[in-house]
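As structure tokens, the structure follows; a few thoughts come after it.
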Amino acid sequence: MKVVFVVGTTASGKSAYAFAEALRTGGAIINCDSVQLYQGLVIGSALPSEAEMNEVPHFLFSYVAKGSKMTAGQYARDFYETMKKINNQFPIVYVVGGTGFYFQAIEKGLFDVQRPNSQLRNLIEDEMKTEVGAEKIYQEMITLDPLSAQRIHRNDHYRIARAVELMRVEKKPLSQIWNEFEEKKFKFPYLYDESQSIARTYGAIKTPHVFIVQKEAKNLVLKYTGAIDDNWENAVEAKEKYVESAVDALLAGKPITTTFTKAIGCGVKWKK
């Protein structure tokens, strides 16, 4: 099962594109918008219609009660629980939304720990203010987790205090907490161009700006670049589906009819 992130600014056509593609491929859609999670928020949230939800399986829409507090950590847990339930029922799952922190939570993961205990934190910080107390807390860290103690300098009082606080609350070594965090990171293949070097190499100027490449021998050969289709406002009403046609042609071993179109969308914000 493949997972596709459909990310973009408000009113950029994310939902329409994902719906059209899920309908075409027999896929499903998982919401990653912090507003569309809540029940009753229809106006201003671009919530999928009842007809659309009947045509394509939708998950994590309108499931959080009004007035309830939602966090990125809770969303990540709900996302992975949903992925378990889906269990390869669909060839492609489209994760759609504009809440960057939620995408980061499922991509990079978050520490799944209890809320900070302010009383415990204050107690440890008071102990750290004296030389005897600081040494005592440091020795506690060595006892609780020798591995983490090797990574944190004995004079780094802030990190020592946070580590001991976390271990007292979770009742497990910090190294174990970190290993569990690593295991929960996003496990599906994806490209994350943090330096924007790949975007610059290919000449991306818009979001979205599609580049379809095919591996030939040891090289990646650019086969198509440009727009997704000819209707950026409503993908369902598109007459020319450039990306779909290009992929279908490549899979069939045929030449692509249209290899270049003008990308339409918001300009790429380059890092300085």
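Values quoted throughout were computed directly from the atomic coordinates according to the rules given, and no laboratory measurement underlies them. Please read all numbers here as calculations on a predicted model, not as lab measurements. With ideal geometry, Cβ positions are generated from the backbone for all residues, glycine too; neighbour counts draw on all protein chains shown.
List of remarks:
- Charge dipole (debye, nearest 20) of segment 197-267; +1 at Cβ of Lys and Arg, -1 at Cβ of Asp and Glu: 420
- Annotation: amide H of Val213 within the under-5 Å range of Lys223, sequence separation 5 or more or interchain, hydrogens built in the peptide plane.
- Residue-averaged [θ]222 nm for the chain, counting only DSSP H segments that reach four residues, each worth -39500 (n - 2.57): -12500 deg cm²/dmol
- Shown in residue order for segment 23-34 are the 3J(HN,Hα) couplings computed by the Karplus curve 6.51 cos²θ - 1.76 cosθ + 1.60 at θ = phi - 60°: 5, 6, 9, x, x, 10, 10, 10, 6, 9, 10, 5 Hz (x for Gly and Pro).
- Dipole magnitude of the chain about its Cα centre (Cβ charges: Lys, Arg +1; Asp, Glu -1), debye to nearest 20: 500
- Placing pseudo-labels 7 Å out from each Cα toward the beta carbon at Lys218 and Cys266 gives an inter-label distance of 4.0 nm.
- Footprinting exposure proxy for Glu131, Glu237, Glu107 (fewest neighbouring C-beta atoms within 10 Å first): Glu131, Glu237, Glu107
- Segment 1-93: C-alpha gyration tensor shape, a/c 1.5 cut-off, then a/b vs b/c: oblate
- Taking each residue as 0.36 nm, the span from Gln89 to Glu55 lengthens on full extension beyond its C-alpha to C-alpha distance by 10.7 nm.
- Lysines with Cα under 24 Å of Lys172, excluding same-chain neighbours fewer than 8 positions away: Lys108, Lys136, Lys184, Lys185
- Dividing the convex hull volume of the alpha-carbon atoms in segment 118-180 by its residue count gives 70 Å³ per residue.
- Shown for Val132, Val247, Val93: other C-beta atoms within 10 Å of each C-beta, ranked fewest to most, produce the order Val132, Val247, Val93.
- Whole-Å distance, taken between Cα centres, linking segment 1-66 and segment 199-254: 23
- Point-to-point label distance, Asp156-Ser197, nm (Cα→Cβ direction, 7 Å offset): 2.6
- Phi-based couplings in Hz for segment 132-141 (Karplus 6.51, -1.76, 1.60; Gly and Pro marked x): 5, x, 4, 5, 5, 5, 5, 5, 5, 5
- When the C-alpha to C-alpha distance is required to be over 31 Å, the pairs from Lys84/Lys262; Lys85/Lys215; Lys14/Lys272; Lys69/Lys271; Lys2/Lys171 that qualify are Lys84/Lys262; Lys85/Lys215; Lys69/Lys271; Lys2/Lys171.
- Residues whose amide H lies under 5 Å from that of Gly265, counting only those 5 or more places away or on a different chain, are absent; hydrogens are built 1.01 Å from N in the peptide plane.
- The value obtained for the chain, namely the Cα convex hull volume divided by the number of residues, is 188 Å³ per residue.
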